[in-house]
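Q: First the structure, which I've put down as structure tokens, then a few questions once you've had a look.
The values are calculated or read from the model by the stated rules, or taken from the named source; none is laboratory data. Keep in mind it's a predicted model, so treat the numbers as computed, not measured. Here the Cβ positions follow ideal geometry from the backbone for every residue, glycine too, while neighbour counts run over all protein chains shown.
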Amino acid sequence: MRRDRLVGVVMMLGSGLSTQVGASVAALAFPVIGPAGVVAIRQWVAALLLLAVGRPRLRTITARQWRTVIALAAVFAVMNLSLYTAIDRVGLGMAVTLEFLGPLAVALLGSRRLLDLVCALVAAPAVILLTRPQATTDYLGIGLGLLAALCWAFYILLNRKVGRELPGATGAAAAAGLSGLAYVPVGIVVLTHHPATLASATYALAAGVLSSAVPYFVDVLTLRRVPAQFFGVFMSVNPVLAALVGLVVLHQKPAVLDWIAILVIVSANAAAVTFGGTFGADAVRHKRVPVAECDVLHGVPELAVTPAFGKVSADGEPRSSRTTQ
């Protein structure tokens, strides 16, 4: 129904805005506890959230499954640290845009719908324009942003594998717990040498809630209203939100060419919304989306950028029978 689609679009915007506001709030804590300290606190928040919601049965995980879970946890930990360090060096808009190249590449390479492919191809040059070299370019920051993109691409693929092998949110929760545990010594060292003030601790906790908890719940609900592939294309709005939030919260002013690129990205997404029709997935519009098939740790549905999920069988039922608990 059109109302479901409209509500889904509003929820996607709200989720993306929450994620970017969380990142901008995190940046306010960088001068005191640094990116590593903020990431440690965020990882702890994500771990508590996923362990509480997923309630994983750890004893049922086999040794082979543990290897995938550990890899997922490691990629997640490196991804967030590289992203937050990139934000500290090159700004929120640039860092998020660079990171977005990971899921954009996965979505583009796996797309089977012409409209999705066209929208992704229109958005891609705009993303490249936003990352163009300039006189004051911080190449280490750009490199860290690209590392975050690579990690996100691997994270999508690993999360898909975990979702297939483990029921419910068991794998995602276990990975979140391991990642949070790994950051305990990091957090102790960082916070010992750079003690957190009340303000910085509040900023870091708020970042964890806004960038992990809120997107997790909103995205799961959103995927019950809109097709997964459309969600993946719509993800390109995140660099736009990051630039706007960076301007308002952090006073990071994009150049004219950056705003042109932003308009191109918005136009691509508007075309997907306006001309998408049924988006080829009416059969899944009212289906409940498995939590385990969502990138619940990063606040972005893994299903959205991995075409292996979201397919339907001949009877119109999702191929995975697991549903949200």
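Q: Does Leu130 fit the bill of being surrounded by 18 or more Cβ atoms within 10 Å (Cβ to Cβ), touching a residue at least 40 places away in the same chain (Cβ under 8 Å) and touching a helix residue (DSSP H, G or I) at 6+ places or on another chain (Cβ under 6 Å)?
A: Details: surrounded by 18 or more Cβ atoms within 10 Å (Cβ to Cβ): yes; touching a residue at least 40 places away in the same chain (Cβ under 8 Å): yes; touching a helix residue (DSSP H, G or I) at 6+ places or on another chain (Cβ under 6 Å): yes.
Yes.
Q: Further question on the same structure: Which of the residues belonging to the stretch 10-36 are β-branched (Val, Ile, Thr) and under 13 Å from Leu92 (Cα atoms)? Spell out how you get there, then give the answer.
A: Applying the first criterion (β-branched (Val, Ile, Thr)) to the stretch 10-36 yields 10, 19, 21, 25, 32-33.
Result: Thr19, Val21, Val25.
Q: Hey, Pro56 hits all of (1) outside any helix (DSSP H, G or I); (2) under 27 Å from Leu241 (Cα atoms) but one; which does it fall short on?
A: Of the numbered conditions (1) outside any helix (DSSP H, G or I); (2) under 27 Å from Leu241 (Cα atoms), the odd one out for Pro56 is (2).
Q: With the structure loaded, tell me whether Arg42 is assigned to a helix (DSSP H, G or I), of a type in the set (D, E, K, R) and within 20 Å of the chain's Cα centre (by Cα) or whether it fails that test. Break it down stepwise before answering.
A: Values: assigned to a helix (DSSP H, G or I): yes; of a type in the set (D, E, K, R): yes; within 20 Å of the chain's Cα centre (by Cα): yes.
In short, yes.
Q: Could you pull out the residue among Ala243, Ala207, Ala213, Ala201 that is farther than 30 Å from Ala268 by Cα, in contact with a helix residue (DSSP H, G or I) (Cβ under 9 Å, 6 or more places away or on another chain) and in contact (Cβ under 8 Å) with a residue 12 or more places away in the chain?
A: Ala201
Q: In the stretch 230-275, which residue that is more than 23 Å from the chain's Cα centre (by Cα) and at pLDDT below 80 is surrounded by the most Cβ atoms within 10 Å (Cβ to Cβ)?
A: Ranking the qualifying residues of the stretch 230-275, first place goes to Phe275.
Q: Return yes when Pro185 is outside any helix (DSSP H, G or I) and out of contact with any Asp or Glu (no Cβ under 6 Å at 6 or more places or on another chain) and no when it is not.
A: No: the conditions fail for Pro185.
Q: Considering only the stretch 32-50, I want to know if a residue exists there that is at positive phi and out of contact with any Lys or Arg (no Cβ under 6 Å at 6 or more places or on another chain).
A: Taking every residue of the stretch 32-50 in turn, at least one turns out to be at positive phi and out of contact with any Lys or Arg (no Cβ under 6 Å at 6 or more places or on another chain).
Q: Could we say that Arg89 is part of a helix (DSSP H, G or I) and either closer than 25 Å to Pro31 by Cβ or touching a residue at least 40 places away in the same chain (Cβ under 8 Å) (or both) here? Even if it seems obvious, please write down each step before you answer.
A: Numbers: part of a helix (DSSP H, G or I): yes; either closer than 25 Å to Pro31 by Cβ or touching a residue at least 40 places away in the same chain (Cβ under 8 Å) (or both): yes.
Judged against the criteria, Arg89 is a match.
Q: Among (1) under 20 Å from Tyr155 (Cα atoms); (2) under 19 Å from the mean Cα position of the chain (by Cα), which single condition is Thr68 missing?
A: (2)
Q: Looking at the stretch 100-111, is at least one residue touching a Phe, Trp or Tyr at 6+ places or on another chain (Cβ under 7 Å), closer than 30 Å to Ile61 by Cα, of a type outside the set (Phe, Trp, Tyr) and assigned to a helix (DSSP H, G or I)?
A: From the stretch 100-111, those touching a Phe, Trp or Tyr at 6+ places or on another chain (Cβ under 7 Å) are 102-103; that's our starting set.
Applying the additional criterion that residues be closer than 30 Å to Ile61 by Cα yields 102-103.
Next, only the ones that are of a type outside the set (Phe, Trp, Tyr) stay: 102-103.
Next, only the ones that are assigned to a helix (DSSP H, G or I) stay: 102-103.
Yes; the residues of the stretch 100-111 include at least one that is touching a Phe, Trp or Tyr at 6+ places or on another chain (Cβ under 7 Å), closer than 30 Å to Ile61 by Cα, of a type outside the set (Phe, Trp, Tyr) and assigned to a helix (DSSP H, G or I).
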